[in-house]
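J.: I am attaching a structure below and will ask some questions about it afterwards.
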Amino acid sequence: MLPSIFKRHKLIGNPLLINFFSIIGLMVILSSCGDSPGVSFTVGGAVYGMTGSGMVLQNNNGDDKTISVNGYFVFATPVRNGATYSVTIKTQPSNPAQVCTVNNGSGTINTGVIGDVRVECVANSTSVTVDPSGKFAYASNYNFSNVSSYDIDQTNGKLFNETRVASGSNPSIVTLDPLGKFAYVSNINNGNISSYAIEIDGTLNPTIPSVVNAGTFPNPVTIDKTGKYAYVSNIVDKTIMAYTINQSTGALTFLNTVATDIFPIQVTIDPLNRFAYVVNIGSDTISPYIISTDGSLIAGTHVFSGVNPMSVTIDPTGKFVYVANAGSNNVSIYSIETDGALTPIKSVNAGTYPISLTIDPSGKFAYVTNVSSNNISVYTIGTDGSLTAGTAVATGTHPTPLAIDPSGKFAYVANVGSGNISVYTIGTNGSLTAGTAVTTGSYPNPVIIDPLGRFVYVSSTSDGTVWVYTINQSTGELTLQ
């Protein structure tokens, strides 16, 4: 028998845009054909929303490419310049079964790499977003092109009083401004952003205008620390677009567009609100930007990271940047200069396929989630930003990014492959001690902790449910509600 609706609250939405798995860079391959040398180019793109495994892609009815995880893919056989390509799905994903479609899948090679093929899979749920007061929760409904709002029971964290408001097609994760006055979702297939004012009862009321244009395949919206400006990176366009936020209505007004590199991830802003950064998975680079006094962005110089950078994290002082590099199994460390430029310090080894780095509230310790080695690397942060490795701890299978409660005493990680949540207490030296893991839904998204550190929420991608737990304030153990 399924748990009650309050234990697993039903919603239908889109998964995290960037799942935490393998991404393969594109490359140009020079080849020869008999006695007539020529140039050939690779064909590839990215897979979004796949929660299971078993999908097989083909190019020109051959060159089978098995897809196990979301992210970049590239076919092994390059296609000669002037020839056609046609990407199709030979086998749909299973475990769980999904229906995926190909966009931008055919054309003619014209003296360049093809990297914008999009394979989109229908998925069920996105991570819950909790407002700063801890009273309301929000989730975007991917299949129905709308956004749900919920009241949160202040005793047990259960979600109730669901209401829905229209968005665009395939909305992404809900982003709230720092004061919890406004909400925003980027609509993946429309290439725009829906904006809402949050009423006193937590319901969403579309602003006027309610929609502004973004680029092609936008990432989730990022709001600056003052709540005055919004930013969205666009995967296909390789751009970031900046907007002002009307402080009375929440409506967005376009400011400017700046270039990124290949396959940008969601924008990250430094704690002092001076600079913005984005990692570019397809080009192994980081793009820095100055935030002008009017909120517009000024592009700096790209710097190289390790292979397949998956996330950028900035320390609480705003002095150092850390990048988890999935392809090279390490973390790159940079110092932030007065103009926002990044100066490489060094890199440190992580586990296999690191996808995120989390810093504890004190700024003394860092934790890296390693998807393929199924563990968490533990580090002490030096005054110079350096990372000194401690003892790694095991997780379940295919862990998602680590979440730390506001007190800095407890840590949690949802495990995609094993369908559970690993529980840890944090020692005074930053060490992690495993507690009792708890079961959650299949293919869970990352853990969300309410701002007051009372409740944990984990959405299940396979069946579109949210699992609610209370946190034992003494031990950190979780109890399903």
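J.: Looking at the range 419-476, what strands (runs of 3 or more DSSP E) fall wholly within it and have at least 2 residues that are more than 22 Å from the chain's Cα centre (by Cα) and not aromatic (F, W, Y)?
T.: In the range 419-476, 420-426, 432-434, 465-471 are the strands (runs of 3 or more DSSP E) which contain 2 or more residues that are more than 22 Å from the chain's Cα centre (by Cα) and not aromatic (F, W, Y).
J.: A further question on this structure: Among the numbered criteria (1) surrounded by 16 or more Cβ atoms within 10 Å (Cβ to Cβ); (2) outside the structural domain of D151 (by TED's automatic domain parsing); (3) modelled with pLDDT of 65 or more, which one does F136 miss?
T.: (2)
J.: I'd like the full set of residues that are of a type in the set (V, I, T), under 20 Å from the mean Cα position of the chain (by Cα), part of a strand (DSSP E or B) and surrounded by fewer than 22 Cβ atoms within 10 Å (Cβ to Cβ), limited to the range 227-251. So that I can check it myself, show each step before the final result.
T.: Of the residues in the range 227-251, the ones of a type in the set (V, I, T) are 232, 235-236, 239-240, 244-245, 249.
Add one more test, that the residue is under 20 Å from the mean Cα position of the chain (by Cα), and what stays is 232, 235-236, 239-240.
Filter once more, keeping what is part of a strand (DSSP E or B): 232, 239-240.
Once the filter is applied, which keeps residues that are of a type in the set (V, I, T), under 20 Å from the mean Cα position of the chain (by Cα), part of a strand (DSSP E or B) and surrounded by fewer than 22 Cβ atoms within 10 Å (Cβ to Cβ), the range 227-251 yields only T239.
J.: Would you check if I286 is within 27 Å of L159 (Cβ to Cβ), assigned to a strand (DSSP E or B) and outside the structural domain of V117 (by TED's automatic domain parsing)?
T.: Answer is no for this residue.
J.: When only residues in the range 56-72 that are hydrophobic (A, V, I, L, M, F, W, C) and surrounded by fewer than 23 Cβ atoms within 10 Å (Cβ to Cβ) count, which is farthest from T84 (Cα to Cα)?
T.: Taking the candidates together, the pick is V69.
J.: From the list D270, D261, D284, D224, exactly one residue is surrounded by fewer than 19 Cβ atoms within 10 Å (Cβ to Cβ), of a type in the set (D, E) and under 21 Å from the mean Cα position of the chain (by Cα). Which is it?
T.: The unique qualifying residue is D261.
J.: Would you call F254 surrounded by fewer than 17 Cβ atoms within 10 Å (Cβ to Cβ) and of a type in the set (F, W, Y)?
T.: So F254 passes the test.
J.: So which residues in the range 32-48 are polar (S, T, N, Q) and at pLDDT below 90, if there are any at all?
T.: S32, S36, listed by residue number.
J.: Being assigned by TED's automatic domain parsing to the domain that holds N170 and buried (at least 24 other Cβ atoms within 10 Å of the Cβ) is the requirement here; does V279 meet it?
T.: Details: assigned by TED's automatic domain parsing to the domain that holds N170: yes; buried (at least 24 other Cβ atoms within 10 Å of the Cβ): yes.
So V279 passes the test.
Here is a yes/no grid of residues against (1) more than 30 Å from V211 (Cα to Cα); (2) in contact with a strand residue (DSSP E or B) (Cβ under 6 Å, 6 or more places away or on another chain); (3) not aliphatic (A, V, I, L, M):
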position: F254; (1), (2), (3): no, yes, yes
position: D261; (1), (2), (3): no, yes, yes
position: I298; (1), (2), (3): no, yes, no
position: T301; (1), (2), (3): yes, no, yes
position: P309; (1), (2), (3): yes, yes, yes
position: S332; (1), (2), (3): yes, yes, yes
position: T338; (1), (2), (3): yes, no, yes
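J.: Restricting to the range 117-168, name every residue that is out of contact with any Pro (no Cβ under 9 Å at 6 or more places or on another chain), among the β-branched types (V, I, T), under 16 Å from I448 (Cβ atoms) and in a loop (DSSP other than H, G, I, E, B).
T.: V128
J.: Which number in (1) of a type in the set (S, T, N, Q); (2) surrounded by 22 or more Cβ atoms within 10 Å (Cβ to Cβ); (3) in contact (Cβ under 8 Å) with a residue 60 or more places away in the chain marks the one condition that S442 misses?
T.: Going through (1) of a type in the set (S, T, N, Q); (2) surrounded by 22 or more Cβ atoms within 10 Å (Cβ to Cβ); (3) in contact (Cβ under 8 Å) with a residue 60 or more places away in the chain one by one, S442 breaks only (2).
J.: Taking S347, is it of a type in the set (G, A, S), out of contact with any strand residue (DSSP E or B) (no Cβ under 7 Å at 6 or more places or on another chain) and within 23 Å of I314 (Cβ to Cβ)?
T.: no
The rows are residues; the columns are (1) in contact with a Phe, Trp or Tyr (Cβ under 7 Å, 6 or more places away or on another chain); (2) on the phi < 0 side of the Ramachandran plot; (3) in contact (Cβ under 8 Å) with a residue 60 or more places away in the chain.
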site: N141; (1), (2), (3): no, yes, yes
site: V147; (1), (2), (3): yes, yes, no
site: S169; (1), (2), (3): no, yes, no
site: N190; (1), (2), (3): no, yes, no
site: A197; (1), (2), (3): yes, yes, no
site: N246; (1), (2), (3): no, yes, no
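J.: Next question. Considering each residue of the range 279-296, count those that are out of contact with any strand residue (DSSP E or B) (no Cβ under 9 Å at 6 or more places or on another chain) and either under 20 Å from N70 (Cα atoms) or in contact (Cβ under 8 Å) with a residue 40 or more places away in the chain (or both), and give that number.
T.: 0
J.: A further question on this structure: Out of A350, A299, A341, report the one residue that is hydrophobic (A, V, I, L, M, F, W, C) and under 16 Å from L402 (Cβ atoms).
T.: A350 is the lone residue from the list that is hydrophobic (A, V, I, L, M, F, W, C) and under 16 Å from L402 (Cβ atoms).
J.: A follow-up question, please. Taking the condition under 20 Å from the mean Cα position of the chain (by Cα), touching a residue at least 24 places away in the same chain (Cβ under 8 Å), under 21 Å from V128 (Cα atoms) and not in a strand (DSSP E or B), does P401 pass?
T.: Answer is yes for this residue.
J.: For the range 306-324, what are the residues that are modelled with pLDDT under 95 and either part of a strand (DSSP E or B) or of a type in the set (G, A, S) (or both)?
T.: G306, P309, M310, S311
The values are calculated or read from the model by the stated rules, or taken from the named source; none is laboratory data. Since the model is a prediction, treat every value here as computed from it, not as a measurement. Here the Cβ is made from the backbone with ideal geometry for all residues, glycine too, and neighbour counts use every protein chain on show.
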